[in-house]
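Student: Could you have a look at this structure, given as structure tokens, before my questions?
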Amino acid sequence: MNKHIKTSISIALAAGFVAFLFGGWAIVVAGGIAGLGLGYYLFGQSKAQKWQDSIKEALLPTLITAVILLALSIFQNYYVAAAIGKKPIPFNTMLQANATGIGGLIFFSFALTLMHILPLRWQRIAQIVLLTFVVISFPFIDKFTGLRWTAQVIFALIFTILALGLNIVVGFAGLLDLGYAAFFAIGAYTTGILSSPQHGIFLNFWLVIWIAAGVAGIFGLILGAPTLPLRGDYLAIVTLGFGEIVPVLFKNLIKVTIQEPFTCWILPLFRIQTSCITFMQDVDLTAGEKGISPIGRPILPIIGEFQSNNPIPWYFLIIAIILLSVFLIQRLRDSRMGRAWMAIREDELAASQMGIDPVRTKLLAFAMGATFSGFAGAFYGAYVRGIFPSVFDFSVSIIVLCMVILGGLGNINGVIVGGMVIMSADRLFLPALKDFLAGLLKATILPALSSNPTLRAAVEQNANPILYRFLLFGLTLVIMMAVRPEGLIPSAQRKAELRSDEEIAADQAAAEAQA
Amino acid sequence: MLELTDVHTYYGNIHALKGISLKVDDGEIVTLIGSNGAGKTTTLRTIQGLLRPRSGSIKLDDLELHKLPSHQVAAKGIAQSPEGRMIFPRMSVLENLEMGAYARTDKDGIQQDLERVFGLFPRLKERIKQKGGTLSGGEQQMLAMGRALMARPRILLLDEPSMGLSPILVDLIFDTIVAINKEGTTILLVEQNALMALSIAHRGYVIQTGEIILTDNAAKLQENEMVQKSYLGVE
């Protein structure tokens, strides 16, 4: 029971933090997510056989969470909002928002806990129904409440696809790839070149996304072929290099000339005069720093062309891509190839003795991982409408790697959660925190500093958490590694491992007792 | 069946195998005995394709094994229970055994062999869901041997199966080796425990600093004065 209370308090504080930062309608989303989290936890811990027991189990934790969340929300609206110079929302709206948020919290928490009494097959179906409902309703709730989070969530989902792809390489096959952003860039640039005024080619998005994935996959093979016989650290260094080369290459592919080498270089060496055969003369392939823009967008019947000001079709498109990716990646993991990846990760030498070709297996992991980043790249290009070489720098590779590690290496659900957590922190919370701090400082310290303009400017500029995002990511990773190295949602394999350890201990204790 | 002719293997500049020639016939248990650093494990690794001989040939019937990479050697019917066992620590016992049959596609045969392995090592069946890394040393040895058997190999290479095990377990393992051989698997057994190895083998080779210095049938080797002094501890 004690553990339940601890968990509900921490969930309430996390959700309360969201409500606290954003204020107003944010409590609807915060409440819903808190309900899902709490319900998921209670579902895992539940021992109930009858629905009355489930209700009893869920009652206290849900109540605690609801009270804390409500208190923080009200405190925010009437005290904090004023303190940071925001206008509190009117009482009626406040009432509606809180009722919806707390209602969502209670509904999800109870619904998930109650699922434990269902037969196993129905549990799964009920979970899928609930998740579908949440995923489908989110953009509409977002639109209704005016939060405008969907556009940012789409970015988070793009990065989630990247994390899912990288998880194949790092999580399944155990190959440390520090240049994964390169494949993202290749996917995006393929899209850019094939559907923009840059070269006057306008292929359909639905075709381009597959081409982009294919091209990224092929580059995965090309990069992998010479480097994968390397082990561990060496592979990491080489991928790091590749990750640096690709953006630089795209920056400089502005005057491409393709000449036939025999007639142009070799014959002149022997002083034989020929006319040089040129296939392409000074073609601006990527427009360098200027980037490629605008890029073609997906078009569907009824909806028409996807627009920037309406994120909902984009949202459902990326959800569809994620579902497809998860389905494919699950199939890959459970296939013969997936087992070979796992064996390679565990012990490469032993795996080769089982008849597994290590180089081929690793190469395929690389190519598969790259393919999914091609999907992400194509979507990114179409969604943002423009791509620039600076977007695909080293930090992207590192952020995606952080997502995989934070969520739980090798676990698909964990990686999705890790991706959502890190990207929403980056895209939603840090900007909100910045506004919050700015408002707070303006209301408190800054007036007192008006006599010293230099200091005042320094404080004002440095109180910006976005400046410290990499520090914060790094800190998160360090803390995670120290406290919970297996990630937020450890893979089933690890859970089973822990359980069987307990069983051994129990067996041994029993044996000793007998002797 | 398996024949090594004048095999020379190097670790960089170190000449580890100085012309090993040995032969294993169908249905035999052949043992390769020798002290630490004599080249026993190197010989097995060379057969397995993990090390490439600089000269000499390794033939399985008419097939030239020394030209193949190790995963293809495995596919040709050579399975090894390696030194240090090298089981997959985070896979369950069952998953480890299934990995052993990775190169095979005959589902029924795999199932049969699984039953066979569990027949030989009932302990493994009890621990079927446990992770390989959490098994005791003896169980890991059983798992390594069982995993090698799952490939239904033509020749089973066993590298020091007695290493680090209690005397009772050593007896059990050696009884099982005999049982596996009786079921028709040819075995090349590398051992430091020469007494045990010679007691179950048909023929033996004695290796010293990378060279075969003696070969005979096992009973005669047990009688040999030099072998008795150097490897059996008889004064």
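Student: Take the solvent-accessible surface of the protein heavy atoms, probe 1.4 Å, and return the percent of it on chain A that carbon and sulfur atoms account for.
Tutor: On the way: 17290 of 25420 Å².
Looking at chain A in its full context, I get 68 percent from C and S.
Student: How far is the Cα center of region B:1-64 from the Cα center of region A:309-337, in Å?
Tutor: 51
Student: Return the Cα extents of chain B along principal axes one, two and three, sorted largest first, each rounded to a whole Å.
Tutor: 46, 42, 31
Student: For a quick protection proxy, order the peptides A:105-112, A:310-317 by their average other-Cβ count within 10 Å, most packed first. Intermediate results must be reported in sequence, preceding the final value.
Tutor: On the way: A:105-112: 23.2, A:310-317: 18.5.
So the peptides A:105-112, A:310-317, ranked by packing, come out A:105-112, A:310-317.
Student: When the Cα atoms of the protein assembly as shown are enclosed in a convex hull and the volume is divided per residue, what value in Å³ results?
Tutor: Working: hull volume 192.1 nm³, N = 750.
It comes to 256 Å³ per residue, whole-number rounded.
Student: Further, regarding this structure: Within a Cβ distance under 11 Å of residue A:170, other residues only, what is the Lys/Arg minus Asp/Glu net charge?
Tutor: Net charge around residue A:170: 0.
Student: Would you mind counting up the charge near residue A:84? Only other residues with Cβ under 11 Å from its Cβ, with Lys and Arg at +1 and Asp and Glu at -1. Could you put the intermediate results ahead of the total?
Tutor: On the way: positive: A:86, A:87, A:442; negative: A:435.
Net local charge, residue A:84 excluded: +2.
Student: Right, next: With a 1.4 Å probe and all protein chains kept in place, how much accessible area does residue A:75 have, in Å² rounded to the nearest 10?
Tutor: Residue A:75 has an accessible surface of roughly 100 Å² with all protein chains in place.
Student: Specify which residue in the list A:64, A:81, A:113 is farthest towards the positive end of the charge dipole of region A:1-147, using unit charges on the beta carbon of Lys, Arg (+1) and Asp, Glu (-1), about the Cα centre.
Tutor: With unit charges placed on the Cβ atoms, the residue in question is A:113.
Student: Under a point-charge model restricted to the Cβ atoms of Lys and Arg (+1) and Asp and Glu (-1), what is the dipole moment magnitude of the protein assembly as shown relative to its Cα centre, in debye to the nearest 20?
Tutor: Details: 60 positive and 55 negative charges, 521 e Å.
Dipole about the Cα centre, nearest 20: 2500 debye.
Student: Also, quick follow-up: Measure up A:255/A:290; A:251/A:362; A:6/A:434; A:362/B:76; A:362/B:131; B:59/B:220 against 18 Å on the Cα-Cα distance and list the ones that go over.
Tutor: A:251/A:362; A:6/A:434; A:362/B:76; A:362/B:131; B:59/B:220, as the Cα separations exceed 18 Å there.
Student: For B:191, B:211, A:348, give me the order by solvent-accessible area with a 1.4 Å probe, most accessible first, ignoring ligands, DNA and RNA. If you can, show how the numbers build up before the last one.
Tutor: On the way: B:191 0, B:211 85, A:348 45 Å².
The ordering from most to least exposed comes out as B:211, A:348, B:191.
Student: If I model a spin label as a point 7 Å beyond the Cα along the Cα-Cβ vector, how far apart are those points for residue A:10 and residue A:86 in nm?
Tutor: Result: 2.6 nm between the two label points.
Student: Now a separate question. Roll a 1.4 Å probe over the protein chains and send me the accessible area per residue for region A:1-147 in Å². Could you put the intermediate results ahead of the total?
Tutor: Working: 7920 Å² over 147 residues.
I get 54 Å² per residue for this part.
Student: Per the protein assembly as shown: cysteines with no other Cys C-beta under 4.7 angstrom?
Tutor: If one checks each Cβ against the other cysteines of the protein assembly as shown, A:402 turn up with nothing under 4.7 Å.
Student: Oh, and also: What dipole magnitude, in Debye to the nearest 20, does region A:1-147 give about its Cα centre under +1 on Lys/Arg Cβ and -1 on Asp/Glu Cβ?
Tutor: Details: 10 positive and 3 negative charges, 38 e Å.
It comes to approximately 180 debye.
Student: Moving on. For residue A:234 and residue A:272 in one chain, what is 0.36 nm times their gap in residues minus the Cα-Cα distance, to one decimal in nm?
Tutor: So the extension gain works out to 9.2 nm.
Student: Give me the summed buried accessible area for the A-B pair, 1.4 Å probe, to the nearest 100 Å².
Tutor: Numbers: alone 26620 and 11150 Å², together 35390 Å².
Approximately 2400 Å², summed over both chains.
Student: Then there's this: Taking only Cα atoms of region A:383-484, what ratio of Rg to Rh do you get with Rh as the Kirkwood inverse-distance radius?
Tutor: Working: Rg = 17.5 Å, Rh = 15.9 Å.
Looking at region A:383-484, the ratio lands at 1.10.
Student: Between B:212, B:14, B:200, find the one with the highest GNM mean-square fluctuation for chain B; connect C-alpha pairs within less than 10 Å.
Tutor: B:14
Student: OK, next. Which net charge results for the neighbourhood of residue A:238, defined as the other residues with beta-carbon distances under 14 angstrom from its beta-carbon, given Lys and Arg at +1 and Asp and Glu at -1?
Tutor: On the way: positive: A:231, A:362; negative: A:177, A:233, A:244.
For residues surrounding residue A:238, the net value is -1.
Student: Let me ask another. Compute, for residue A:275, the solvent-accessible surface of its heavy atoms (probe 1.4 Å) with the complete set of protein chains present, and express it in square angstrom to the nearest 10.
Tutor: 90
Student: Taking 0.36 nm per residue of sequence separation and subtracting the Cα-Cα distance, how much length would be gained by fully extending the chain between residue A:462 and residue A:123, in nm to one decimal? Let's see the in-between values first.
Tutor: Working: separation 339, 0.36 × 339 = 122.04 nm, distance 4.95 nm.
Stretched fully, the residue A:462-residue A:123 segment lengthens by 117.1 nm.
Student: Treating the beta-carbon of each Lys and Arg as +1 and of each Asp and Glu as -1, no other charges, what is the dipole magnitude of chain B about its Cα centre, to the nearest 20 debye? Display every interim value, and only then the final one.
Tutor: Working: 26 positive and 28 negative charges, 160 e Å.
Once rounded to the nearest 20, the dipole reads 760 debye.
Student: Name the residues of region A:68-109 whose amide N is less than 16 Å from a point 7 angstrom out from the Cα of residue A:51 along the C-beta direction?
Tutor: Counting only backbone N, you get A:107-109.
Student: Could you point to the residue in B:202, A:413, B:227 farthest towards the positive end of the protein assembly as shown's charge dipole, with +1 and -1 charges on the Cβ of Lys/Arg and Asp/Glu respectively?
Tutor: A:413
Student: In terms of solvent-accessible area of protein heavy atoms at a 1.4 angstrom probe, what is the ranking of A:306, A:327, highest value first? The partial results should precede the final answer.
Tutor: Working: A:306 5, A:327 110 Å².
Greatest to least solvent exposure: A:327, A:306.
Student: Tell me the mean residue ellipticity at 222 nm calculated for the protein assembly as shown from its helices only (DSSP H runs of n ≥ 4, each -39500 (n - 2.57), averaged over every residue, nearest 500). Can you show the working numbers first?
Tutor: Numbers: 30 runs with 443 residues, N = 750.
Helix-only estimate at 222 nm: -19500 deg cm²/dmol.
Student: Still on this model: With a bin width of 10 angstrom, please list the P(r) values of region A:1-147 as percents of all Cα-Cα pairs, from the 0 bin to the one holding the largest distance.
Tutor: 12, 40, 31, 13, 3, 0
Student: Along the Cα-to-C-beta direction of residue B:107, a point sits 7 Å from the Cα; which residues of region A:324-363 have their amide N less than 14 Å from that point?
Tutor: A:336
Student: Still on this structure, I have one more. If I take R0 = 56 Å and measure r between the Cβ atoms of residue A:133 and residue B:116 in this structure, what FRET efficiency does the formula 1/(1 + (r/R0)^6) give, to the nearest 0.05? Could you put the intermediate results ahead of the total?
Tutor: Details: r = 51 Å, r/R0 = 0.90.
Efficiency at R0 = 56 Å is approximately 0.65.
Student: On to the next question. Over the heavy atoms of residue A:397, what accessible area does a 1.4 Å probe trace out, to the nearest 10 Å²?
Tutor: Number for this one is 10 Å².
Student: So for region B:58-124, taking the charge dipole from beta-carbon charges (+1 Lys/Arg, -1 Asp/Glu), which of B:99, B:72, B:89 sits furthest toward the positive end?
Tutor: It is B:89.
Student: Is there a simple number for the mean count of other chain Cβ atoms within 10 Å of the Cβ of residues in A:344-351, and what is it? Intermediate results must be reported in sequence, preceding the final value.
Tutor: On the way: counts 0, 2, 11, 9, 0, 6, 12, 7.
Whole-number average of other-chain Cβ neighbours for A:344-351 is 6.
Student: Tell me, what is the Rg over Rh of region B:174-233, with Rh the Kirkwood radius over Cα pairs? Present the calculation step by step, with values, prior to reporting the outcome.
Tutor: Values: Rg = 11.8 Å, Rh = 12.1 Å.
Taking Rg over the Kirkwood Rh, I get 0.98.
The values are calculated or read from the model by the stated rules, or taken from the named source; none is laboratory data. Bear in mind the structure is a predicted one, so any value in this text is a computation, not a measurement. Methodologically, a virtual Cβ is constructed for each residue, glycine included, from the backbone with ideal geometry; neighbour enumeration extends over all protein chains shown. Just so you know, the surface numbers come from the protein's heavy atoms only, side chains and all, with ligands and any DNA or RNA stripped out. Shrake-Rupley method; radii C 1.70, N 1.55, O 1.52, S 1.80 Å.
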